[in-house]
Structures are given as C-alpha cells and as structure tokens.
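Remarks on the structure that follows.
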Amino acid sequence: MLSGIAPAISEAIDQEMAGNPNVVVLGEDVTYWGAVFGFTAGLFQKYGRERVIDTPITEQTFMGMAVGAAATGLRPVVSLMFVDFLGTCFDQIYNHMAKNHYMSGGQFPMPVTIVTAVGGGYGDAGQHSELLYGLFGNVPGIKVVVPATAHDAKGLTATALADPNPVVIFGHKLLTGHPGVPFEGEEEDVPKDPYTIPFGQAAVRREGTDLTIIATALMVRRSLQAAARLAEHGISAEVIDVRTLVPLDIDTLVASARRTGRVLLVDEDYRSFGTTGELAFRIQAGAFDRLRAPIHRVAVPDVPIPFAEPLEQAVIPSVTRIVDAARALTGVPATAR
Amino acid sequence: MLSGIAPAISEAIDQEMAGNPNVVVLGEDVTYWGAVFGFTAGLFQKYGRERVIDTPITEQTFMGMAVGAAATGLRPVVSLMFVDFLGTCFDQIYNHMAKNHYMSGGQFPMPVTIVTAVGGGYGDAGQHSELLYGLFGNVPGIKVVVPATAHDAKGLTATALADPNPVVIFGHKLLTGHPGVPFEGEEEDVPKDPYTIPFGQAAVRREGTDLTIIATALMVRRSLQAAARLAEHGISAEVIDVRTLVPLDIDTLVASARRTGRVLLVDEDYRSFGTTGELAFRIQAGAFDRLRAPIHRVAVPDVPIPFAEPLEQAVIPSVTRIVDAARALTGVPATAR
Amino acid sequence: MWRPEPSDADLPVRIAEAGLDRDVLLAAYRRMCLIRVFEEAVRSRYWIGKTSTFNMAAEPIRGELHLAIGHEAVAVGVCALLGDADAVVSTHRAHHHALAKGVDPGRLAAEMFGKATGLCRGKGGEMHLFARNKRFLNSGIVGASYPQAAGAAFSFQRQGNRNLAVAFSGEGAANHGTFSETLNAAALWQLPLVIVIEDNLYADATPKWAAQAVNQQFQRAQSHNVPAYLVDGMDVIDVHAAARRAVDRARDGYGPTVIEAVCYRYRGHFEGDPENYRTREEVELWQRLDPIPRLADRLRRLGWADDATLTGLREAAAHDAVQAVRFAEDSPPPEPVEALAGVFA
Amino acid sequence: MWRPEPSDADLPVRIAEAGLDRDVLLAAYRRMCLIRVFEEAVRSRYWIGKTSTFNMAAEPIRGELHLAIGHEAVAVGVCALLGDADAVVSTHRAHHHALAKGVDPGRLAAEMFGKATGLCRGKGGEMHLFARNKRFLNSGIVGASYPQAAGAAFSFQRQGNRNLAVAFSGEGAANHGTFSETLNAAALWQLPLVIVIEDNLYADATPKWAAQAVNQQFQRAQSHNVPAYLVDGMDVIDVHAAARRAVDRARDGYGPTVIEAVCYRYRGHFEGDPENYRTREEVELWQRLDPIPRLADRLRRLGWADDATLTGLREAAAHDAVQAVRFAEDSPPPEPVEALAGVFA
Ligand SMILES: Cc1ncc(C[n+]2csc(CCOP(=O)(O)OP(=O)(O)O)c2C)c(N)n1
Ligand SMILES: Cc1ncc(C[n+]2csc(CCOP(=O)(O)OP(=O)(O)O)c2C)c(N)n1
Ligand SMILES: [Mg+2]
Ligand SMILES: [Mg+2]
C-alpha cells in the first residue's frame, strides 16, 4: 500500500538504481530533503553521496551536466525542484537535451529523466504553483508524463528510466502524499515488484455516455469527483486520464469523443496556447462529424497563480467549476455556486 | 519607401527615443551590428553608448536589468538576438517581467519591449531558426506581436513602446530586409511620420469565400502566394494576418471562419501544444455550427529545424504545402508535388 | 572583519569609524526588535491550524513561511543607510528587508495573511512583497535579485541622481550564474549597486561545504574588480561600517560593492523544515551570538541606554508588531473576481 | 606566460618543459596546416554564389560560417594531449576543435555542405558537429559548453577511468553565468575538466573592453580555487605546456584547470561580417604572430625540419583538405523524408 506518487516515484528510481550503477540522481536538496516533496526520498541513505548528489543552486549547470553525462554513459535522474524554475535552465533542456539526438543524426541519445513538482492550491503563489507542461510539449524531443495515481507514477517512472530519451515527470504536489501539503490522492495497492506502464496509453477512469472529460494529474481526481456529482444530476460523464501528453494517445480520446459527442477539457495549466488547445485541435480533427457541441475547457484563465485563498480558488479548476462546465456543455444550466 | 521590417522597427524606436529620454536599448551587438538583423541599426550612431548599450553575453542578466530598470523609470528596449536563446533568460521574462505587475497588485507595470529575430529557411539549423511565440503566448502577462509587413512593424512597434506592459516583437529574418538572408517581403510605402497600429486587430489581407487561411509573419506572405495559385484552380481563399497573438482578434477569425466554413492554419512554429491548437480551439468554439470540415493546419512537424536544404524545406511550410493543404481541405485532391 | 569570538575592547573606535551615534543605534535596536517580534507573531499565527498535522494550505497564513530570525542585523545595518528613493530587491526570505526598508508592517502582515489590504492586495504573498513607495521589489526565484537591482542602479545612473540599489541574497544564491554576471556588468558600468550576501551557512538543507568550492564569496567579487567586505552579520555595527563605505562609494559614482555578512537563521529554512541537516548544538552555539541582546549589552555598556530605555524600545516595537498583525487579521479577504484583473497594466 | 613580443631565446627549455619532441611538433604543424587549408577551402566554396549579393541561403554551403583561422594553435596544442575516449564540447566556432580532435575531415566537410554523408547526416550543420567515435559534442549556444563538459567529466569520475573532458569557448562566453557555475561545481567535485578560453578580443562585434570589467578571466577561475594559465594562444608550444599540466592534473584526479589562450581571428566573426568594429591595422599587426609560420620558423631553427619537410607536411595537409571537400561535394544530399525521423531515439 502506498499513499501518493512521491514514494511511488522514489521506489521506481530505487529499483532501477539497484540494478544499474549508471543511474545517478542530481539536483538541489535531493539528499536530506528528498527533493522537497519526496521524489528522491530514501535514495541518499541507500546509495550515498556518490550517486545521489546535492548540487549548488545552478539549474542550468546541473541540467547541462546531465546532457554531458548522458552523452558519456551515465543515466542521470535530475530533480527540477519546482517546475516554475524552468526558466533558469530551459536552454539546456530544450536546446540540447531535447535536440542533440536529432541534430547529431542519431549519434547521441539523451537518456535523462527529469522529475519536477507542479501545481498549486496551498498558497505558494505565482512562482511556485505552475504546471507548465504545455511548454515542454510544445518543443520537440521531450516526453511529457503526468501521472494521476501512485500506481501509474511508479510504472511510468520505470518506463522513463528505460527510455533512451529525455522524459519529464510532472509530479503534482497535492498527489505526492508529502505531509505539509494537502493530499487529494488515496491509498493504493501498488505492487512492490518493478513494473512498467507504456507511454502513450490514456486510461478511461470512468465510463460514461453523455460527455467525455479529459484531464491530467490532480484534475483527473477532481474530474472523477465531478463525474460522481454529475451522475446525481443524471449526467453520465466518461473521464479519461491522459497519463502522457507526449506521446499522446489520441485514439482513445477521439474514440470517446465520437461516442459521447461532447468534450470537456480540464487542465490546471494556463489556458491559452498550450495543452487544451492542442487536445481540441486533434479531437476536432478526428471526431468532427460526431461532435454535437463545441469542445469546452476549464483551465487557469491566463493569470499568474495568486496567493490569497479566495483568489487562488478562483483560478484553479475546482470540482464545482468542472461540474458547472459539464452541465453547461450538456445543456443543463450551471448552478449558482 | 522601406524594404523590410528591420528598418521599420528601428525607425519606430528612433522616433520614440527622440522624444523620450527614458528609452534605452540594451542587448548584444546592438551598436555596430544593429542587433545583427538591423532592428536597432542607426540608433547607436545617433544616441551613443549612453542610450544604446552593448551587453556582455548574459541574457538573464540584461533581461533582469530590464525588469529593475522598468520598475524605476526607464523604458528598456531589449534585443534578444535570436529567439532560440530564450532558454537562457526565460526566467526573467516570464517569472518577473510578465508577472510583477500582477503579483505586486498593480504597483509595478513592466514597460519593456523585447525585439527578437525568428524563423528559418536559410540554413541556420536547430538552434537559430525557431519561432517559439507559442511559448510566450502560453504564459500570462506578455503581449505577442508578429508583424508581416514593414508598415505593421513600424506601427506595432510604436504601440509596443507606448504600452506599459512587456511586449515581444517577433521579427522574421526573411522579412527583415537585411542583406545576408533572403528577403520575402516587398518594398512598401511606409509613412515617415510616427503612427501606431492597435494591438488585437487582425488584417484580412485577401478576401475569399471557400476557405480561410490564417497566418502570421512570413507565413502571411506565403499564404498570399498560395491564395493566388489557388485562385488559378478556382478556389477562393481568404487570407488573414493575425498581427498580434496576444491580444488575439478572435472576432475577425471567427467571422471569417463562419463565412467560409473552412479553416487552414499556417504556422512556422512547432505544430503541437502551441499556436495552431489555440487558434483551433477558439475558432471551433465560435464557429462550430458553421464549420463544414475539420480545421486543418500546416506547421513545423515537431522536429528541430534541420540544416540541409532539402531537410529544412521539408519541414518549414512552403507555398506548395499550403496549396496542397488548402486543396485537400476544399475537396480538390493535392497535386503530386 | 569576521571574528570567531566577539571582542569588544575596540567598540568606541568601531562605532566612530562606522559613523554611528546613539540615535542611530537606538533606532537600529528598535527596528531589529520590530523584525524579531513581528516574525515571532507571524510565526505563532502561522502555526494555528497546523500543529496537529502540518499543512501549508491551512489558514490563517498559507504557503511557505521563511523567517529571518537571526538575520536582523544585516537588514537593519544596511537599510539604515538607505532612503525611500533607493531600491531594494529581496528574495524568498524578505520580511526583515521589507521592515528594515520601512515598508508598512500592517500592509506587510496583511499580505502574508492574504488580505485585500495587503501590499499586493493578497496576490503576492510572502515571497512577492512589493512596495512601490519604498522602491521595494521581491522575487521567490533564487539569484533573480542581482540583475534586477543592477537594472535599478542602471536607471539611477542614467537619471543622474545619487540613488543606489541593493540586492539582498543568501550565500546559496551567490553560486548562481547571475551573481558573477551581475558583478561583471556592475563593475563594467560602475553601477551604484550594493550586493549583500546573508551567509547563513545553508541553502535549504544543503550546507555550504556541499555547494561551494571556496568557503567565502568575497574573492569572487574581487576577481571582477568589485571590492568586498566580509563582515560579522550578527553585529549591526560591523555591518553598518561596511555598508557605509559601500553606500558612499555607490552614491559617489564609484561603482558596486559586495558585503558578505555571516549570520545564522535560528529557525528552519521554512516553517515545517525537519532540520535534519544540522544539530541542535550548532543552533545553540550560534544563539550565543544573537544580534539583538548583543546590541542591547553594548548600548548599556556605552551608557547610551539603560534597561528602562531598552525595555521601552522593545515594547514600542512589540506594539507595532501587534498592531500590524491585528490590522492583518481584521482586514477583509480580496474578492475572488479580483483574481482575474491586473495581468496587464 | 603571455609575452607582448615573442622572444625565443629560451625555446629549447620551453620545449623540454612542455614535454614536446620533434614528432609531436611535426604532427602539430601538419594538423595546424590541415585546419588552415581546410577552412580556406571551405571558405572558397562558401562564397560561391554569394559574391555578387551575400546571401546565407545560397548553396553550396548555407547558413553561418564561423572560421577559426588564427586559432589553430589553441585547438591543436590542447587536443594533442587527448585520446578518443576524452570528451570535447565545442561552440559555434568548432571546425578547428573537431579537426584537432581527430574527427574525419571528409564527414566534417560533408556536414557543412549538408550532405547525407555528413557527421550528422546533414541535420546539424557547422554549429552542431557531433562525432560519437571521437566523443565530440557541440552547441551553437554560447556558454552551453561548460556544464556539458563538466557532465562528461562527472561521468568519467563516476566510471573511475582516467578520461577527461575539455570545454572550449570564447572569451565572450566566459562572461556567461555558466562559466562561474561550472567552475564552482568542477572545483567542488574535483572533476577532470579543462576549460579552454580562446580569447580573441571580440565577441561578435563587441570588443572585450565593452563587455568585461577585468581584462582577463584567470582571476575568476582562481577565485573558485581553480588554477588557471594565461598563455600565448598563437604559440602552440606555450599552449601545449599549459595543457599538459592541466591534462595531467585532471587525469590524476586533482580537478579542473582553466587555460586562457590569447589569440586572434583573422576573418570576421562569421563570413559576411562587415568588421566595422576593428581596424585593418589591428588585423595586420596580429598577422605578424600567425601561429603556423611561427612554428615553421622554429622547427627550422631547431633543425627539426628543413623546407622540404615542411612543404611535404603542408602538401599532405592540403591533400587531406582537398579530399575532404571533394568527398563532401561528391556526396548526395539527404532524402527530404529523413527530416521527420530521429527526434526520439
Ligand atoms: C532558481 C531557484 N532554484 C531553487 C529555488 C528553491 N529554493 C528556495 S530558497 C533556496 C535556498 C536559498 O539559499 P540561500 O540563497 O542561502 O538563502 P537562505 O534561504 O539561506 O536565506 C532554494 C534552493 C528557487 N526558489 N529558485
Ligand atoms: C546564449 C547565446 N547568446 C548569444 C549568442 C549569439 N552569439 C553567437 S557567437 C557570439 C559571440 C561569442 O563570442 P566569444 O565567446 O568570444 O567567441 P568567438 O566568436 O570570439 O570565438 C554570440 C553573442 C548565442 N549563440 N548564444
Ligand atoms: Mg543561506
Ligand atoms: Mg571572442
């Protein structure tokens, strides 16, 4: 039994490290603090400072080191403490880690796994509450993993560690199970033995007929709660967990959209020029003749995440807002809530 | 008469500098080289090193300086030599320049104008040929200007310089008019006197009835050429120049889509999780009941820009590919070309 | 100027050298007390609702809380020399800088409580404390303060006034590339900039020895031709002495200076920090150097204040802090719809 | 070790100190000639179709062309000490490093011509020259080479072998934050890393005086506890002497070294550069120090080579360069469909 994606991720890393001496963990506070939210918890105690290395606060340098290390036989696992810090190291990630295999004509695969904490909802404000996976999806060469369950987190991390390409695992803080932040996940039966979950396979978390709700990470949880409430109103919602944005399992999304004819995209990333737009494009391309209404979306309305509770709640998609949007989409008027 | 957006942009900056002593120009090689493609050409000769300042190769520092300078009364114009370098300074741009006004509760507007060179097609390969405006559009707080003509470039730059917010002007290299790279623009009658063009107003560059082609910058030119060829095939294409992505003139796009019932998005940025997806979402939201076919797109197919000519031509949208996509969309089979 | 054990035989000389007098020192004492009491008060409120299970999301104060208890002398010693027109750019650990710079304690507290009356109307929170009237800027991104302060200094230089800008940071931040980039730019253009490094020996849970090849930063500054002072950050007199030279140098147009102040944070990195990276003994050792009683002792020894005076100053500070927190508690929360406004000016 | 005017009285001593002998110097001469002739040959091809109007898009070689004519001694002096298992990370100006490291000249040229037989099958171009068999990496982003080389050094240290990594860069790149960040990390972990700065006085059109507060970089290295040598980059013997110490230090596990080599690029920053930032006289002055004739003179003076030998070496090098360019010209372009393959491994 595991509570949260953080122990699931650290377990997957641990199991890979045990068998592969080339796996090293790099980042800020990966030892004593286990990368703050626990993604690397316990590894330092087991493998020591030789393989679990605290770095100075120099994101562009340790990301660049990962590039050089991956080119010469190591398999770096790198912690980007909060995804919001990507601006300090994006060059090494998207211009090098992501491009070197292609630009070198296939000579230099870049087997690097980045683990990063994402999401808001606990008052960490504008520079510590973002998702930003849309940015990573936008540039070629990076796989984007957005787990919603501990079971997935472990299996997808194991897949990432076996992948010869850069993979970024976006661990939502409210799913980590780390004390200190609210936990919206649940206790799960996660196999102790290693296992993998393939990239590019979305999971239908709940079947339904009236509309399709498509979500990632924390929003899968909230969408499931919304679906339960919608059922009380006689609306049958299918809920799909995307699991990996790159590669994207568009077939599952389109098939569901064709069945229900209505799609609601739920996303905690910024609304415009990102994830929801892309999903909408691909779904309309594949299900155009079956859509009975325009695709809707609930996402962060293009504002930085504000600090105060009422403000933050006003911008991060809540169960209520998902319900309201789903009801509007299916023709039932939204409640006043 | 002006050839190219670069002299148009430098003229707008010049005219603003003449009247406003707080305008300073910062960046790499903004003096002798006029920011390589000429966006700041002539300013150093006129205003000297006091106001036109070459910086060390330290993007995060000169972008950060712009933040501090804008907070204390200056009006920095900053050159990011190639947009591909954003990864070295994105933190200062998106976490500070873009957020400080909001996070400070309105106390610190950030009047900074960034000018950056974008686009490929002349063999500059994976780290010097990108557009990346989708990334800037994805994060809140930045206005995104994508001029296609010298006339627009001058007027939109003047608007940017009067705007109290961060604005990024994406100057396509093949429209700059700079010798050394091919020029796909044309000589234009650009008024010598200062003028502004409001943000958020798309321009219908050619009227048509069978489909709407929506494009930015260089792709507007190529779409117009494609439209001319399509006319020979009896297809009447409307061509819209978006001009500014943030703010976006969705009304003009939707109105046209409703009229023609068919939309082709043409974009030189990466295909997925970016600009075309967003435009598709908003257009389907506004024109759902009038669309006669799924929205199509032609964009860079999620690969880094390769170096060799045949490879580069295979990924950057060409007139031929636009024609083919438009014909497929309107039901006429694509030619073998 | 760093001494392993404080020796005070030369105190009068040092005070004279630092250009200090009784009034300034009493004001500094009061300001340091204000910071201490303010932070203690905020801390007590922070833990309401978080004692049984620690949960950052619990009201009345949400999110992270980075206290600067132990750093007061650095903030006060430097900011005593600044006016409202001088700029300060601070970091994730910002309360003491804000209070030392003269930011209104009530609006500061209200921001931390997420209230509509907060400095930023509740949008910023404690890592984003902005106060335009005091030219106070802030960022939660480590290393971001340096170039921003350089930019303000650049403004002042272009505007031809005698203002200067101060960047505060931790010693961990000084490993970030922005530190050397900013040193180079500031030295190159002789910007009126003072960089203050609060070296508290840790960056999060990472001790200095695990993050720095050399134990101090001042040589790095000097290698860019920037003069640097290593000072006892638990001694407001020592900080002030170095700051005065740095500030004068900046105002007179001679360029940047680095002040590296060794200090200690008595609390964890943030509240809730398990502090598994240091020992209780170490904390206690440093507590013997607490800058506030140390200054009180000296004021007494100099005959500049008796117990009653000091108590009076402490009580006045406490009163201000209590008022500030009360103002925050009594203020209304912002309207949810406010969240959508203000991205653009 | 920098001398304003070369004086050669101590030549035998210096050669002995540098651990050089006739064979190594003759090989260095040939390699330097190869670089020079190769670049001249590429340059002549580059200008085909660009002479009337300069247009980067014109075939047979498209894009930017950054020649290193004048930098040969630095690349060769350092790389003479490296094996295939050592890593080199280079920059936008990379041809000389690639050739010095032993990368195949034909495949190198083919890459610049955008051919299917190129090192990267035409996907990379001259700023992205990768050669796995020589552990040669490259980036067109200034400052990016430092941490990547440190990462390779970190690999070697973890793998327990005696390999080392070399980062080449210009002096402009050393102002970038990655330089000091990497110095700190490399010194902290004693990584087997050598950073070589080719100080050619300009970064693009920006002269050093407009970009650096101090004239040299070696003090910056030393402030991180990294030993640094300032050497005459137009003198392969001087470069080699410093490089030998640096390489030995790295292989023996003692950590990083910086070599700052003052040199000069005789051509513009890239072909087509208006060069409006420097005078013709300056270029001519530096031409007197051309590293290739200088080495030839010395070989003659030492009695290690007569004119015939030197001519033979030059001709052999020219032959290799001609072959390389011919291979490139004769190679087929890549298939367009290749563009879509290989984003992921
Ligand atoms: C760019 C960036 N990286 C990492 C962090 C996370 N972080 C916040 S505070 C901190 C430690 C800062 O240490 P130091 O500069 O010594 O300041 P102190 O907390 O000791 O006052 C870190 C790593 C951040 N906020 N920004
Ligand atoms: C991060 C980044 N900023 C700017 C550039 C543009 N640029 C390419 S080369 C160059 C100058 C480099 O100068 P230096 O490091 O001295 O090397 P040199 O060209 O003199 O060999 C610049 C600014 C870049 N490629 N990357
Ligand atoms: Mg610290
Ligand atoms: Mg140079």
- Task: Give the share of C-alpha pairs in each 10 angstrom bin for region B:203-336, from 0 to the last occupied bin, in whole percents, shortest bins first.
- Result: 13, 47, 33, 6, 0
- Task: Calculate the dipole size of the protein assembly as shown relative to its Cα centre from +1 charges on Lys and Arg beta carbons and -1 charges on Asp and Glu beta carbons; express the result in debye to the nearest 20.
- Result: 1160 debye
- For chains A and B related by rotation, which residue of A has the Cβ nearest the axis, and what is the rounded distance in Å? A:G277, 2
- Query: Can you give the three extents of the C-alpha atoms in region A:2-188 along their principal axes, from longest to shortest, in whole Å?
  - Reply: 45, 35, 30
- Note on the structure: Fewest-first ordering of A:H151, D:H95 by Cβ atoms within 10 Å yields A:H151, D:H95
- Out of residues 5 or more away from B:F82 or on other chains, whose amide H comes under 5 Å of its own, with H placed 1.01 Å from N in the peptide plane? B:A117
- Note on the structure: Counting only residues 5 or more apart in sequence or on a different chain, those whose built amide H sits under 5 Å from that of A:I53 are A:V25, A:L26, A:G27
- Item | Separation between Cα centres of region A:215-260 and region D:170-216, rounded to whole Å | 51 Å
- Task: For each of A:Y133, C:Y146, B:Y195, A:Y47, count neighbouring Cβ atoms within 10 Å of the residue's Cβ, then give the residues from fewest to most.
- Result: B:Y195, A:Y47, A:Y133, C:Y146
- Message: To confirm my reading of the symmetry, which residue of chain C has the Cβ nearest the axis that brings C onto D, and what whole-Å distance does it have?
- Response: C:G177, 1
- Task: Using only the Cα atoms of region A:7-116, each taken as one equal point scatterer with no solvent, compute I(q) by the Debye sum, divide by I(0), and report log10 of the ratio at q = 0.21, 0.24 Å⁻¹.
- Result: -1.10, -1.34
- Query: With point charges of +1 on the Cβ of Lys and Arg and -1 on the Cβ of Asp and Glu, referenced to the Cα centre of the protein assembly as shown, which listed residue (D:V236, A:I13, C:L285) lies farthest in the positive direction of the dipole?
  - Reply: A:I13
- Please identify, among A:A66, A:A117, A:A231, the residue showing maximal mean-square fluctuation in a Gaussian network model of chain A using a 10 angstrom Cα cutoff. A:A231
- Task: Output, in nm with one decimal and in ascending order, the distances from the D:S52 label point to the matching label points of the other copies (7 Å from Cα along Cα-to-Cβ).
- Result: 8.6
- In order through region B:144-157: 3J(HN,Hα) via Karplus (6.51 cos²θ - 1.76 cosθ + 1.60), integer Hz, x for Gly, Pro: 10, 10, 10, x, 10, 10, 5, 4, 5, 4, 5, x, 6, 5
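Can you tell me the dipole magnitude for chain A around its Cα centre, using point charges on the Cβ only (Lys, Arg +1; Asp, Glu -1), in Debye to the nearest 20?
Numbers: 26 positive and 36 negative charges, 165 e Å.
Dipole size: approximately 800 debye.
Per DSSP H run of n ≥ 4, the term is -39500 (n - 2.57); total these for chain C, divide by its residue number, and report the mean residue ellipticity at 222 nm rounded to 500 deg cm²/dmol.
It lands at -13000 deg cm²/dmol.
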- For B:I213, enumerate residues with amide H under 5 Å from its amide H, sequence gap 5+ or separate chain, H modeled in the peptide plane. B:E238, B:V239, B:I240, B:L264
- The ratio Rg/Rh over the Cα atoms of the protein assembly as shown, Rh being the Kirkwood inverse mean 1/r radius, stands at 0.96
- What is the mean projected area of the alpha carbon convex hull for region B:109-174, to one decimal in square nanometres? 4.6 nm²
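Need one word for region D:38-122: rounded, prolate or oblate. Basis is the Cα gyration tensor (sqrt eigenvalues a ≥ b ≥ c); a/c below 1.5 gives rounded, then a/b vs b/c decides. Intermediate values should be presented prior to the final figure.
Details: a/c = 2.72, a/b = 1.72, b/c = 1.59.
In terms of gyration-tensor shape, prolate.
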- Task: Taking the Cα centre of region A:112-185 as origin, work out the dipole magnitude from +1 charges on Lys and Arg Cβ and -1 charges on Asp and Glu Cβ, in debye rounded to 20.
- Result: 120 debye
- Take the alpha-carbon positions of region D:15-174, form their convex hull, and give its projected area averaged over all directions (one quarter of the hull surface) in nm². 10.3 nm²
- Note on the structure: Highest GNM mean-square fluctuation among A:A148, A:A308, A:A217, for chain A with Cα springs under 10 Å, belongs to A:A308
- Taking the reciprocal of mean 1/r across every pair of different Cα atoms in region B:50-96, the Kirkwood radius in Å is 11.1 Å
- Between copies, how far apart are the D:D84 label points? List them in nm, one decimal, shortest first, with each point 7 Å from Cα toward Cβ, please? 7.3
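Tell me, Kirkwood radius of region C:20-330 from alpha-carbon pair distances, in Å?
Numbers: mean 1/r = 0.0514 Å⁻¹.
This gives a value of 19.5 Å.
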- Message: Mean-square fluctuation check for chain C, GNM, Cα pairs under 10 Å: which of C:P333, C:P256, C:P192 is largest?
- Response: C:P333
- Under the helix-only model (-39500 (n - 2.57) for each DSSP H run of 4 or more, divided by the residues of chain B), the mean residue ellipticity at 222 nm, to 500 deg cm²/dmol, is -10500 deg cm²/dmol
- Residues with beta-carbon under 15 Å from that of C:L81, excluding C:L81: net charge, scoring Lys, Arg +1 and Asp, Glu -1? +1
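Going by how many other beta carbons lie within 10 Å of each one, how would you line up C:W47, C:W209, fewest first? Provide the component values of the computation, followed by the final result.
On the way: C:W47 15, C:W209 10.
Placing the least packed residue first, the sequence is C:W209, C:W47.
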- Query: Regarding chain A, what are the three Cα extents along the principal axes, ordered largest first, in Å?
  - Reply: 59, 44, 38
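Could you tell me whether region D:248-345 comes out rounded, prolate or oblate from its Cα gyration tensor? Rule is a ≥ b ≥ c as square roots of the eigenvalues, rounded for a/c under 1.5, then prolate if a/b exceeds b/c, otherwise oblate. Mind showing how you got there, number by number?
Values: a/c = 1.43, a/b = 1.38, b/c = 1.04.
Note, shape of region D:248-345 comes out rounded.
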- Inter-copy label distances at D:V322, 7 Å along the Cα→beta-carbon direction, one decimal in nm, shortest first? 9.6
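Rule-based calculations on the coordinates, nothing more; no lab input. These figures come from a predicted structure and were not determined experimentally. Cβ coordinates were reconstructed from backbone atoms using ideal geometry, including for glycine residues, and neighbour counts include every protein chain displayed.
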